[in-house]
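Q: Attaching a single structure in structure tokens format; questions to follow.
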Amino acid sequence: MLTAVEFFSGIGGFAEACRETNIEIVQSFDQDEAANFVYEQNFKVRPNSRNLDSIRLGNIAPADLWWLSPPCTPYTVRGLRKDLSDSRSQSLVNLISIIPNALPSHIVVENVLGFKGSEAEQLMLKTLRQCNYAVTDFTLCPSQFSKPAQRPRYFLIGSKQKVAANGVSESKRQTLNNYLSKDVVDQLLLEPHVVRRYSEAMNIIDIRDTELPTTTSICFTSNYGKCLRGSGSFLKISADEVRRFAPAEILNLLGFPKFFSLPDSISLSKQWKLVGNSLDIDCVRYILRAL
Ligand SMILES: C[S@@+](CC[C@H](N)C(=O)[O-])C[C@H]1O[C@@H](n2cnc3c(N)ncnc32)[C@H](O)[C@@H]1O
């Protein structure tokens, strides 16, 4: 049995990956109340909503593993890559400062590829080395696990033990159709004039296309409900209809089980934001197997 603290838990991508494993989550933290509501509905525990910018060691339960999925905006082009000068990196800086006194056996940071080489990563690496952790990193994408989706993510692991990862054995790619729902609600359809105007900038997948078995969706981000460009794929379902993916379909692609639910009381745009922030379960399980 391994105990874990989940920082920046969101809707619980890490907790979902831990379901039916020998990992017990002893504490989780997120300041977003809607994310905590989804988490509670699915895991029967409500995460602690305190701000991690200023948390102290005494407020953190002892655990073997720290899982951190901090905000990625400071390391993205869209977020202007302000890195440590972005106030959203303060929570990570604070947690890094606590590591020398907490010394969990394993620490994993999950983030966008822009985190690699950032000042924040340099600070983390310096601390891990000063505290005698062995450091390994992985870049993983659900497309490596036969899924028709792109979501490359960087995983930095500090461990007091040797980390042994097996290769990824890619089997035949699943087709997107397997992840889509048959019932399309009107709210998902885009207005025809919007499609006419922005289709060049959008990633539109024609589900009637013979190439569909080899097509992958682009990464769904937390901006999907708001932005048409670079925030995720759209589906052309008939000659004149293009729709968004439903939040449940994005969860499907991320590897969440069918019984994972998003409360109806949470608006569609907030649901897109929450699922766009989450994790690919297969990628997390790969990391957990390596520990
Ligand atoms: C990239 S998302 C991680 C989502 C999560 N991995 C999941 O599966 O849904 C980052 C999360 O950190 C939370 N967060 C950001 N800054 C925070 C802070 N200072 N204190 C606590 N939570 C914070 C956000 O509310 C968001 O849910």
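Q: Got at least one residue in the range 5-16 being near the ligand (Cβ under 8 Å from one of its atoms), hydroxyl-bearing (Ser, Thr, Tyr) and under 25 Å from Ser269 (Cα atoms)?
A: So far as the range 5-16 goes, yes, one or more of its residues are near the ligand (Cβ under 8 Å from one of its atoms), hydroxyl-bearing (Ser, Thr, Tyr) and under 25 Å from Ser269 (Cα atoms).
Q: Can you find, within the range 224-233, the residue that is nearest to Trp272 (Cα to Cα) among those that are without any contact (Cβ under 8 Å) to a residue 60 or more places away in the chain and open to solvent by 30 Å² or more (accessible area, probe 1.4 Å)?
A: Only one residue tops the list, namely Lys226.
Q: Out of (1) surrounded by fewer than 18 Cβ atoms within 10 Å (Cβ to Cβ); (2) touching an Asp or Glu at 6+ places or on another chain (Cβ under 6 Å), the odd one out for Leu254 is which?
A: Against the list (1) surrounded by fewer than 18 Cβ atoms within 10 Å (Cβ to Cβ); (2) touching an Asp or Glu at 6+ places or on another chain (Cβ under 6 Å), Leu254 comes up short only on (1).
Q: Moving on. Residues that are hydroxyl-bearing (Ser, Thr, Tyr): which strands (runs of 3 or more DSSP E) entirely in the range 165-256 hold 1 or more of them?
A: In the range 165-256, 233-238 are the strands (runs of 3 or more DSSP E) which contain 1 or more residues that are hydroxyl-bearing (Ser, Thr, Tyr).
Q: Within the range 115-137, count every residue that is open to solvent by less than 30 Å² (accessible area, probe 1.4 Å) and not small (Gly, Ala, Ser).
A: Qualifying residue count for the region: 8.
Q: State which residue pairs qualify: first residue under 13 Å from Leu228 (Cα atoms) and inside the range 194-210, second residue among the small types (Gly, Ala, Ser) and surrounded by 15 or more Cβ atoms within 10 Å (Cβ to Cβ) in any location, beta carbons under 7 Å apart, and separation of 6 or more residues or different chains.
A: Asn203/Ser233
Q: Within the bounds of the range 105-114, is there any residue that is of a type in the set (S, T, N, Q), surrounded by fewer than 19 Cβ atoms within 10 Å (Cβ to Cβ), modelled with pLDDT of 95 or more and farther than 19 Å from Ile281 by Cβ?
A: The answer is yes, given that some residue of the range 105-114 is of a type in the set (S, T, N, Q), surrounded by fewer than 19 Cβ atoms within 10 Å (Cβ to Cβ), modelled with pLDDT of 95 or more and farther than 19 Å from Ile281 by Cβ.
Yes/no matrix, rows are residues, columns are (1) within 12 Å of the ligand (Cβ to nearest atom); (2) closer than 22 Å to Asn111 by Cβ; (3) outside the structural domain of Phe14 (by TED's automatic domain parsing); (4) among the polar types (S, T, N, Q):
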{"residue": "Leu228", "(1), (2), (3), (4)": "no, no, yes, no"}
{"residue": "Ile237", "(1), (2), (3), (4)": "no, no, yes, no"}
{"residue": "Glu241", "(1), (2), (3), (4)": "no, no, yes, no"}
{"residue": "Phe245", "(1), (2), (3), (4)": "no, no, yes, no"}
{"residue": "Glu249", "(1), (2), (3), (4)": "no, no, yes, no"}
{"residue": "Lys258", "(1), (2), (3), (4)": "no, no, yes, no"}
{"residue": "Leu262", "(1), (2), (3), (4)": "yes, no, yes, no"}
{"residue": "Ile266", "(1), (2), (3), (4)": "no, no, yes, no"}
{"residue": "Val284", "(1), (2), (3), (4)": "yes, yes, no, no"}
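Q: How many residues are under 18 Å from the mean Cα position of the chain (by Cα) and either within 11 Å of the ligand (Cβ to nearest atom) or open to solvent by less than 70 Å² (accessible area, probe 1.4 Å) (or both) when one looks only at the range 20-39?
A: 12
Q: Would you please name the residue that is farthest from Leu262 (Cα to Cα), looking only at residues in the range 34-83 that are in contact (Cβ under 8 Å) with a residue 40 or more places away in the chain and among the acidic types (Asp, Glu)?
A: Going through the qualifying residues, I end up with Asp64.
Q: OK, next. Can you pull out every residue in the range 109-136 that is closer than 19 Å to Pro71 by Cβ and assigned to a strand (DSSP E or B)?
A: Those that are closer than 19 Å to Pro71 by Cβ and assigned to a strand (DSSP E or B): Val109, Glu110, Asn111.
Q: Out of the residues in the range 40-58 meeting the condition of being more than 11 Å from the ligand (Cβ to nearest atom) and over 19 Å from Leu279 (Cβ atoms), tell me which one is surrounded by the most Cβ atoms within 10 Å (Cβ to Cβ).
A: This residue is Arg46.
Q: Further question on the same structure: Would you mind telling me which numbered condition in (1) closer than 22 Å to Arg289 by Cα; (2) open to solvent by less than 30 Å² (accessible area, probe 1.4 Å) Leu188 fails?
A: If we test Leu188 against (1) closer than 22 Å to Arg289 by Cα; (2) open to solvent by less than 30 Å² (accessible area, probe 1.4 Å), just (1) comes out false.
The values are calculated or read from the model by the stated rules, or taken from the named source; none is laboratory data. Remember, it's a predicted structure, so these values are computed and weren't measured experimentally. When we count neighbours, we look across all protein chains shown, and the Cβ atoms used for this are built from the backbone with ideal geometry, even at glycine. Calculation scope for accessible area: heavy atoms of the full protein, side chains included, ligands and nucleic acids excluded. Shrake-Rupley method; radii C 1.70, N 1.55, O 1.52, S 1.80 Å.
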